[in-house]
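A short worksheet on the structure shown next.
The values are calculated or read from the model by the stated rules, or taken from the named source; none is laboratory data. The model shown is predicted, which means the values in this text are computed figures rather than measured ones. Glycine gets a Cβ as well: all are built from the backbone with ideal geometry, and neighbour counts include every protein chain shown. Accessible surface areas use protein heavy atoms only, side chains included; no ligands, DNA or RNA. Shrake-Rupley method; radii C 1.70, N 1.55, O 1.52, S 1.80 Å.
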Amino acid sequence: MNMRYSIGLFLAASVLLLLMMFGGTGHAEGQGLPSITIGLGNNKDGGMVISLQVLILLTILSLVPAILIMMTSFTRIIVVLSFLRHALGTQQIPSNQVLISLALFLTFFVMGPAWQKINSEALQPYLSKKITQEEAINKGIVPMREFMLRQTSEKDLGLFVSISNTGEKSIKTPDDIPTYTIMPAFIISELRKSFQIGFIIFIPFLIIDMVVASLLMSMGMMMLPPIVISMPFKLILFVLVDGWYLVVGSLVRSFN
């Protein structure tokens, strides 16, 4: 898909993700959002009502970035890229802006199929008034729940199910798990997987640091920081093995 269409799907998904936060479990339940209208009238309390409505609207909009970051592949990608930069020892190269931009575009790529499904099965029928808001919420939640459940380990999911008010006995299928229970379990699973990948990335560069430090000590050059000598070797290794191809390819393929 082209970039304009991807960004359009991203915005469409953000609308339904906001609805998801108020949508219960996703299949059995659906709750409508309170409508917010801003108008001018002769009511003496109109100014206070408008202020409260604007405050609520801005509060909801401020949650959109956090929801989109924590419910998509962005977390794992950005953490792994940060580990890679620290393993190379290049300080702020690539810069935070470059890493975040790369993580965002990779997120568009990974989440593209789910967002396409949300757009075709929920958003467009709702905008065409073919389905109600409740039906749009229920259909829009399904692709995101399926994605999060595929990436979430049973151990993390069981943890939040056991400490939630839902209880394990009332859950017989994944459809019975509330979305607010899946979300923290998904986030913890993403952090665990990103740290595991980061550890694997660190190993070859750590070996180079140890070899260089041992050579400098044996030569009596203890005042020379090992990172000054090891960084060029780490960069050469990373370039020779086509590191960006391997890291990005492995990251994208890690989402089943």
On the basis of being closer than 30 Å to Ile236 by Cβ, touching an Asp or Glu at 6+ places or on another chain (Cβ under 6 Å) and not in a loop (DSSP other than H, G, I, E, B), does Arg76 make the cut? yes
Of the listed residues (Phe199, Phe195, Phe205, Phe233), the one being open to solvent by 50 Å² or more (accessible area, probe 1.4 Å), part of a helix (DSSP H, G or I) and in contact with a helix residue (DSSP H, G or I) (Cβ under 6 Å, 6 or more places away or on another chain) is Phe233
Unique residue being in contact with a Leu (Cβ under 7 Å, 6 or more places away or on another chain), open to solvent by less than 40 Å² (accessible area, probe 1.4 Å) and at pLDDT below 85 when the list is Gly140, Gly158: Gly140
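Yes/no matrix, rows are residues, columns are (1) within 18 Å of Trp115 (Cβ to Cβ); (2) in a helix (DSSP H, G or I); (3) open to solvent by 50 Å² or more (accessible area, probe 1.4 Å); (4) in contact with an Asp or Glu (Cβ under 6 Å, 6 or more places away or on another chain):
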position: Leu55; (1), (2), (3), (4): no, yes, yes, no
position: Val64; (1), (2), (3), (4): yes, yes, no, no
position: Ile67; (1), (2), (3), (4): yes, yes, no, no
position: Leu81; (1), (2), (3), (4): no, yes, no, no
position: Ile93; (1), (2), (3), (4): no, no, yes, no
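Residue-by-condition table, conditions (1) open to solvent by 40 Å² or more (accessible area, probe 1.4 Å); (2) at pLDDT below 80:
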position	(1), (2)
His86	yes, no
Leu99	no, no
Phe105	yes, no
Trp115	no, no
Tyr126	yes, yes
Arg150	yes, no
Asn165	yes, yes
Ala28 passes all but one of the listed conditions (1) at pLDDT below 80; (2) small (Gly, Ala, Ser); (3) under 19 Å from Phe195 (Cα atoms); the exception is number (3)
Pairs please, first residue from the range 202-216 and closer than 12 Å to Lys234 by Cα and in contact (Cβ under 8 Å) with a residue 12 or more places away in the chain, second anywhere and surrounded by fewer than 19 Cβ atoms within 10 Å (Cβ to Cβ) and not aromatic (Phe, Trp, Tyr), Cβ atoms under 6 Å, 6+ apart in sequence or on different chains. Val212/Ile229
